[in-house]
1. Report the charge-dipole magnitude of segment 5-110 in Debye, nearest 20, computed about the Cα centre from +1 at each Lys and Arg Cβ and -1 at each Asp and Glu Cβ.
2. Could you tell me which of Q77, T100, T120 has its Cα farthest along the dipole of segment 1-128 towards the positive end, charges placed at Cβ (Lys, Arg +1; Asp, Glu -1), taken about the Cα centre?
3. Roughly how many percent of the accessible protein surface of the chain is carbon and sulfur, given a 1.4 Å probe and a whole-percent answer?
4. On a 1.4 Å probe surface of the protein chains, which of T110, T120 comes out largest in accessible area, and what is the full order?
5. When the distances between all Cα atoms of segment 78-141 are binned every 10 Å from zero, what whole-number percent does each bin get?
6. I need the Debye-formula profile for the chain: one equal scatterer per C-alpha, no solvent, reported as log10 I(q)/I(0) at q = 0.10, 0.15 1/Å, two decimals.
7. How big is the C-alpha Rg of segment 6-69 next to the rule-of-thumb value 2.2 N^0.38 Å, as a ratio?
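The values are calculated or read from the model by the stated rules, or taken from the named source; none is laboratory data. Predicted model, so just to flag it, every value in this text is computed and none were measured. Note: ideal-geometry Cβ built from the backbone for every residue, glycine included; neighbour counts use all protein chains shown. The protein model used for the area step is the full one, side chains on, heavy atoms only, and it has no ligands, DNA or RNA in it. Shrake-Rupley method; radii C 1.70, N 1.55, O 1.52, S 1.80 Å.
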Amino acid sequence: MWWLFVCYGASAIGALGTRNAPVFYAGLDLPGWAPPAWVFGPVWTVLYAMMAVSAWRVWRRRPFEGAGLSFGLFGLQLAVNSLWSWVFFAWRLGMWSVVTIVVLWALVFTVQWRFRRVDTTAANLLLPYQAWLTFAAALAWVSWQRNPGVL
């Protein structure tokens, strides 16, 4: 399933920007509800797999000719997802990390809406991703506010 390759490829690009993330994350003034650093890897592994299955389900019913815009938006959200890791962890741009994640959230919402028109299960597979992004946006906002000299 080449959708796994596409999604995990985007993950790998984002991961390059997180090489020092555990040390950086541990040094931040984080709220009590922030998860430990080790949680992020397993969560993202599952979310990327769910994204791949979601895209595959739509592609199976409507290949690129029938859902080109949907897949273009799907690719764009993957690119913005990868970019977010760089913005927050590598470049440490707090405000821009919040802006980026809000744009990402809107893109995923749009992809989900478009996928729902083709396959309800495909759209529902993106719900945990949307929920995680909502949580991550809140965490990015609070982290930025609590660490003005760092982010």
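1. The dipole of segment 5-110 has a size of about 280 debye.
2. After comparing all options, I get T120.
3. That share works out to 71 percent.
4. Largest accessible area first, the residues go T120, T110.
5. 23, 49, 22, 6
6. One equal scatterer on each Cα of the chain leads to -0.35, -0.74.
7. 1.52
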